[in-house]
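Just dropping this structure here.
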Amino acid sequence: MIEIDRVTKVFGAGAEAFRALDAVNVTIRQNEFFTLLGPSGCGKTTLLRVMAGFVDPTEGAVTLEGDDLLRLAPYERPVNTVFQSYALFPHMTVAENIGFGLEMQGRPRDEVRRTVGEMLELVRMSELADRRTSEISGGQQQRVALARALAPRPRVLLLDEPLSALDFKLRKDMQLELKRLQSETGITFIFVTHDQEEALTMSDRIAVMNEGAIRQIGSPRDIYDHPAERFVADFIGDTNFLEAELLSKEEARAEVRLASGAAVTARAAEGGAEAGAVTLAIRPEHADLAPEGEGLLPGRLSDVVYFGTDTHFHVDLDAGGRFVVRRQNTPDRAEARAPGERVAVRFGARVGQVLRD
Amino acid sequence: MAGTASARPAPARDLAAARRREERRTRALLLAPAMAILIFAASGPLLIVLAYSFLTPGDYGGVVWEFSLKAWFNVFAERDFFTGEIELADAHLSIFWRSIKLSAMTTALCLLIGFPTAYFIATRPRKTRDFWMLLVIIPFWTNLLIRTFAIMELIRNEGTVNSFLIWTGLIDTPIQMMFTEFALLVGMAYVYLPLMILPVYAALERFDFRLVEAGYDLYAGRWQVLRRIVLPLAKPGVVAGSILVFVPCLGAYVTPRVLGGGKNMMLGNFIELQFGQGRNWPLGAALALTLLVIVMAALIVYVRAVGREEGGRHG
Ligand SMILES: Nc1ncnc2c1ncn2[C@@H]1O[C@H](COP(=O)(O)OP(=O)(O)OP(=O)(O)O)[C@@H](O)[C@H]1O
Ligand SMILES: [Mg+2]
């Protein structure tokens, strides 16, 4: 279990001071595939480097199973990193790279050899053991970097956008491979990405970061279905935002009145307003079209866009604004609706999410 | 149909061959001036020196065109003036030995000082690196003699170092540093240090310092990161720097003359002596060629030894 307690990092001083991490609080569980997700420059790498020991936080504490990590030098921490650039040693072979950490730990020679063999097998690189790292492809380098970091059996593996340099197909393969390695080794993975799809498919839990702070932590489903803030809803997937009035709120259950006058039950994020004007977020695929007069929000269909797997219906709401409904395509359902038609948008109870801000 | 298929590649092959010939001719023409200079400026004088080493010394310098092996014999051995016995030329051998020893020590000292310096500069922010390099290079633009006299000013008996030590009361009589091998070592290290720093810096500047982090991440301490990651990758620079320092040291002339006095003669001074007061040009020529052979042998041994350890490739 890694506990990150109010970690703050300020780069520079005076007028040029920059707060890269702002009181970050998070607890990462044993054997978890934990993802840090956020836009470029939000502090993901900085947080990872604090854990690895390459950045000293300005304030805060980091503990691993209760032991203070900040007291230890990088080479004393049972934490290994897969660097974004891989940082393989160019003067060593694949096998030497993988064995380096074990050698530095002073493990006996035959144990090093055996473990390197196992690791090569694990990442399916046995044939290329004696190649130089400059003589293998990007995807293979990626696997060597992974094996090198896994070989000393760290308690925590930090991965800084390890897949971003790979092409689409290879990326998909490696995503599965990473999941397999994580469950086979039982090591805690802390994975950094700015690719929301990657985060959703791979993680046990996701922390969404923005401007040096964690905005929400939860399972992929949680984060996707119940974004707590506008930033999270916007950053992950597509979202319709509706102005609404909060009528009542009881724990996570909220009654809201939409601009059209219709009332509906929604979920409420923790914190936030108790009454008054709020924003309601609804995923396009969680809503549907209804004949005029039946749904919650009447409007006029302005566009119908065919995407192969699904079709997007753009509705200009009578109450103002635009709402997108996404519906999956099936071969036996011909879409009869055409732009210009009068329709209504509808969605079920507890589908809409009342945002914190 | 079969005829056309096989006939087709033939002209293409001719064309390719013609183009290669053309390229070769162009390259030869372009290289010609450089080759001419190399041949006449490098091997020309060398051939003259080689020829002189097999001639007889003239009474007032120069050579007499009379074949003789005496000069080569005298490089390593001498005939006792009275008994006529042949014995090793101890004086010559000790000069060879001192030259090699001092050059090796100077190279080591330059590496010891130059590597950390180059590392320091290479790890500064990009903006300030040029400034630091300028500090290294400026002395290099100053006349060699002036730099040598500057060292002399520092270490002579009434010089800065001794005056300071006496002033602090650490010593009461000056430490004799001039005209010792120590003076030679300090002087040559100072003079040739930039030649070490420049290539090492060039290698370290291309070095990807993220590899250092990767090393720390994989349980390597500072010393191991240096030995296992930085040094192997900076090796081309270290090799080049060592050669650039060692070779001119072996033939150094001005610095030993000023700082070493007559007692601590090095090969360069000894060779000069043969062409000057010694009036033994053939011996000078033979000694110069011997120096050349030593340099080449040392380089071959060194490069072999360094190249044998695995690694050394960059990027
Ligand atoms: N050594 C440093 N000195 C000053 N500012 C820094 C330093 N390292 C990072 N920063 C700043 O801190 C902020 C966060 O950087 P960080 O590398 O953590 O972002 P990131 O989330 O990893 O982004 P990306 O997705 O682009 O890798 C950035 O604005 C960056 O400019
Ligand atoms: Mg980053």
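The values are calculated or read from the model by the stated rules, or taken from the named source; none is laboratory data. Just so it is clear, the model here is predicted, and its values are computed rather than measured. Cβ sites come from the backbone with ideal geometry, for glycine too, and all protein chains shown count toward neighbours. Only protein heavy atoms, including side chains, enter the accessible area calculation; ligands, DNA and RNA are left aside. Shrake-Rupley method; radii C 1.70, N 1.55, O 1.52, S 1.80 Å.
Answer yes or no as to whether A:Glu270 is open to solvent by 50 Å² or more (accessible area, probe 1.4 Å) and over 26 Å from the mean Cα position of the chain (by Cα). Please lay out each step first, then the result.
Values: open to solvent by 50 Å² or more (accessible area, probe 1.4 Å): yes; over 26 Å from the mean Cα position of the chain (by Cα): no.
Criteria not met by A:Glu270.
Scan the stretch B:99-124 residue by residue and report those that are among the polar types (S, T, N, Q) and within 15 Å of B:Val191 (Cβ to Cβ). Break it down into steps so the answer makes sense when it comes.
Initially, the stretch B:99-124 is screened for residues among the polar types (S, T, N, Q), giving B:99, B:103, B:106-107, B:117, B:123.
Matches in the stretch B:99-124: B:Ser103, B:Thr106, B:Thr107.
Then there's this: Does the stretch A:46-59 hold any residues that are more than 13 Å from ligand 2 (Cβ to nearest atom) and of a type in the set (S, T, N, Q), and which are they?
Within the stretch A:46-59, just A:Thr58 meets the criteria.
Let me ask you something else. Testing B:Leu38 on (1) under 20 Å from the mean Cα position of the chain (by Cα); (2) within 19 Å of B:Gly278 (Cα to Cα); (3) not assigned by TED's automatic domain parsing to the domain that holds B:Gly251, one condition comes back false. Which one is that?
(2)
With the condition being farther than 28 Å from A:Ala20 by Cα, I'd like the strands (runs of 3 or more DSSP E) fully within the stretch A:166-282 carrying at least 3 qualifying residues.
Numbers: elements: A:188-193, A:205-210, A:213-218, A:240-250, A:253-258, A:263-268, A:276-282.
So the answer is A:240-250, A:253-258, A:263-268, A:276-282.
Being aliphatic (A, V, I, L, M), away from ligand 2 (no atom under 16 Å from the Cβ), within 14 Å of chain B (Cβ to nearest Cβ) and surrounded by fewer than 15 Cβ atoms within 10 Å (Cβ to Cβ) is true for just one of A:Ala73, A:Ala23. Which residue is that?
Details: A:Ala23 fails: within 14 Å of chain B (Cβ to nearest Cβ).
The conditions single out A:Ala73.
Could I ask something else about it? Read through the list (1) over 27 Å from A:Phe235 (Cβ atoms); (2) within 15 Å of ligand 1 (Cβ to nearest atom); (3) of a type in the set (A, V, I, L, M, F, W, C), then give the number of the only condition that A:Val112 fails.
(2)
Which pairs turn up if I take residues in the stretch A:74-98 that are of a type in the set (Phe, Trp, Tyr) and look for partners that are part of a helix (DSSP H, G or I) with beta carbon separation below 6 Å, at least 6 apart in sequence or on another chain?
A:Tyr75/B:Tyr216; A:Tyr86/A:Gln141; A:Tyr86/A:Ala145; A:Phe89/A:Asn97
State whether one or more residues within the stretch A:37-46 are more than 29 Å from the chain's Cα centre (by Cα), surrounded by fewer than 21 Cβ atoms within 10 Å (Cβ to Cβ) and among the small types (Gly, Ala, Ser).
The initial filter retains those residues of the stretch A:37-46 that are more than 29 Å from the chain's Cα centre (by Cα), namely none.
Within the stretch A:37-46, none of the residues are more than 29 Å from the chain's Cα centre (by Cα), surrounded by fewer than 21 Cβ atoms within 10 Å (Cβ to Cβ) and among the small types (Gly, Ala, Ser).
Say we look at the stretch A:94-108 and pick out the residues that are surrounded by fewer than 23 Cβ atoms within 10 Å (Cβ to Cβ) and within 9 Å of chain B (Cβ to nearest Cβ); which of these is farthest from ligand 1 (Cβ to nearest atom)?
A:Gly106
Also, I was wondering about something else. Residue by residue through the stretch A:30-45, note down the ones that are within 10 Å of ligand 2 (Cβ to nearest atom), away from chain B (no Cβ under 14 Å) and either touching a residue at least 24 places away in the same chain (Cβ under 8 Å) or hydroxyl-bearing (Ser, Thr, Tyr) (or both). Break it down stepwise before answering.
Taking the stretch A:30-45 and keeping what is within 10 Å of ligand 2 (Cβ to nearest atom), we get A:36, A:38, A:40-45.
From what is left, the residues that are away from chain B (no Cβ under 14 Å) are A:36, A:38, A:40-44.
Once the filter is applied, which keeps residues that are within 10 Å of ligand 2 (Cβ to nearest atom), away from chain B (no Cβ under 14 Å) and either touching a residue at least 24 places away in the same chain (Cβ under 8 Å) or hydroxyl-bearing (Ser, Thr, Tyr) (or both), the stretch A:30-45 yields A:Leu36, A:Gly38, A:Ser40, A:Cys42, A:Gly43, A:Lys44.
Something else about it: Take A:Thr27 and decide whether it is away from ligand 1 (no atom under 15 Å from the Cβ) and among the β-branched types (Val, Ile, Thr). Reasoning before the result, please.
Values: away from ligand 1 (no atom under 15 Å from the Cβ): yes; among the β-branched types (Val, Ile, Thr): yes.
For A:Thr27, the condition - away from ligand 1 (no atom under 15 Å from the Cβ) and among the β-branched types (Val, Ile, Thr) - is met.
Here's another thing I want to ask about it. Quick check on my filter: what residues within the stretch B:216-244 are crowded, with 19+ Cβ neighbours inside 10 Å, facing chain A (nearest Cβ under 7 Å) and part of a helix (DSSP H, G or I)?
B:Tyr216, B:Asp217, B:Ile229, B:Pro232, B:Leu233
Then there's this: For the stretch A:120-165, give me the residue count where each residue is within 16 Å of ligand 2 (Cβ to nearest atom) and open to solvent by 10 Å² or more (accessible area, probe 1.4 Å).
4
Report those strands (runs of 3 or more DSSP E) wholly inside the stretch A:295-334 carrying at least 3 residues which are open to solvent by 40 Å² or more (accessible area, probe 1.4 Å) and charged (D, E, K, R).
Values: elements: A:297-306, A:310-317, A:322-328.
Hits in the stretch A:295-334: A:322-328.
Which number in (1) β-branched (Val, Ile, Thr); (2) open to solvent by 10 Å² or more (accessible area, probe 1.4 Å); (3) touching an Asp or Glu at 6+ places or on another chain (Cβ under 8 Å) marks the one condition that A:Thr115 misses?
Every listed condition holds for A:Thr115 apart from (3).
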